[in-house]
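A quick write-up on the structure given underneath.
The values are calculated or read from the model by the stated rules, or taken from the named source; none is laboratory data. Remember, predicted model here, so these are calculated numbers, not experimental data. Cβ placement follows ideal geometry from the backbone for every residue including glycine, while neighbour counts extend to all protein chains displayed.
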């Protein structure tokens, strides 16, 4: 059964507790005036509706609110000695409202507001009951003799973005069409259809996506730097952290392969999962490097130390990897509302840590064997300080022996 005048469409609610039911695509056009922006938006919408990946494309600027324009006959008002300011104040007072003064009663202050009764300001014909006094003749002139009424329509809301007049274009996504593809298409269309005076921005989920995508590299780089500096302080070396951090590119490779295999996209949730892999995968390499350094402190050779460390630490590495993967398995198999975001995190963790563990068991020992020759055991600074303190204690005793 069809209902005349009704437009119905389904909206997929956002995940991770976001309560808004807005469309994911929010494309904002800013410019000099609303009529110009309306023309620009129509050109973008015409191109967007030809794209099968965009569904229910519309704009928020719709001329659906009735409007009554009052045009003043300035020549006639001047002949009758009526000021334009008086006409404006009269319309403001009777059809709207005007606060003129205040008074006190019972210790409370009240505002005095002037306006016509509701039944006297409901139709355009009520203008015939409004009079304006002439400054020359002091007579009351009907306002209907001085103005012309024009019925029209206007938008319910006039929006601004970054202090510019703006119109937003919203759309939903077809299955298999990503938000990144939609925004790239709209950017290309705007570059082709709109002049240089147009200012393009985003709103809602589109703005969050653009901001998070631009900040991913910075966040990922800062996370790597923080982990590297922490490991450098722990191992008292810049080479050992490099050996440990080699597992991070392996994890990212596994995560991207998992995304490709499961036909997912690189979105906000997958970006968060990739950053999480920095800490999850570095711990396996730490187990090998730390134990190899302990064996070197005991006097073992580099080759023997790394070989024994890789063999002895194999079981703890496999146990932590399996437990982490099993912990992420409920996320990967999640169903229901918001399952897309949770399954993305789970698949990223399982794919990244699994691929990194398999290769790091071979890559990390090999790289340690090549780079450890340029380093010294972790406790060599402590032993050097202890030897120096012991020599300083023996020196006074040796200097007193001949005198005795």
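When the criteria are applied in full, residue 384 fails the requirement of being in a helix (DSSP H, G or I), modelled with pLDDT of 85 or more and within 28 Å of residue 232 (Cα to Cα).
Restricting the search to helices (runs of 4 or more DSSP H) fully inside the stretch 246-319 and requiring at least 2 residues that are farther than 30 Å from residue 339 by Cβ and either assigned by TED's automatic domain parsing to the domain that holds residue 348 or at pLDDT 85 or above (or both) gives 268-297, 302-312.
Filter the stretch 24-67 down to the residues that are in a strand (DSSP E or B) and touching a helix residue (DSSP H, G or I) at 6+ places or on another chain (Cβ under 6 Å), then identify the one that is surrounded by the most Cβ atoms within 10 Å (Cβ to Cβ).
Looking at residues that are in a strand (DSSP E or B) and touching a helix residue (DSSP H, G or I) at 6+ places or on another chain (Cβ under 6 Å), I get 25.
Here residue 280 fits the description: in contact (Cβ under 8 Å) with a residue 24 or more places away in the chain, touching a helix residue (DSSP H, G or I) at 6+ places or on another chain (Cβ under 9 Å) and crowded, with 20+ Cβ neighbours inside 10 Å.
On the stretch given as the stretch 9-23, residues that are out of contact with any helix residue (DSSP H, G or I) (no Cβ under 7 Å at 6 or more places or on another chain) and at pLDDT 65 or above total 1. In this structure, residue 314 qualifies as in contact with a helix residue (DSSP H, G or I) (Cβ under 8 Å, 6 or more places away or on another chain), surrounded by fewer than 18 Cβ atoms within 10 Å (Cβ to Cβ) and over 25 Å from residue 216 (Cα atoms).
Anything in the stretch 310-338 that is in contact (Cβ under 8 Å) with a residue 24 or more places away in the chain and under 15 Å from residue 357 (Cα atoms)? List them, or say none. Within the stretch 310-338, 310, 313, 314, 316, 317, 318, 320, 321, 324, 325 qualify. Residues in the stretch 137-153 that are closer than 15 Å to residue 87 by Cβ and touching a residue at least 12 places away in the same chain (Cβ under 8 Å): 141, 142, 143, 144, 145, 146, 147, 148, 149.
Filtered by the rule that a residue be surrounded by 13 or more Cβ atoms within 10 Å (Cβ to Cβ) and assigned to a loop (DSSP other than H, G, I, E, B), the stretch 100-134 gives 115, 116, 121, 130, 134. Within the stretch 317-337, being surrounded by 15 or more Cβ atoms within 10 Å (Cβ to Cβ), farther than 16 Å from residue 255 by Cα and under 28 Å from the mean Cα position of the chain (by Cα) holds for one residue alone: 334.
Screening the stretch 139-159 for residues that are modelled with pLDDT of 85 or more and in a loop (DSSP other than H, G, I, E, B) and picking the one that is nearest to the chain's Cα centre (by Cα) gives 159.
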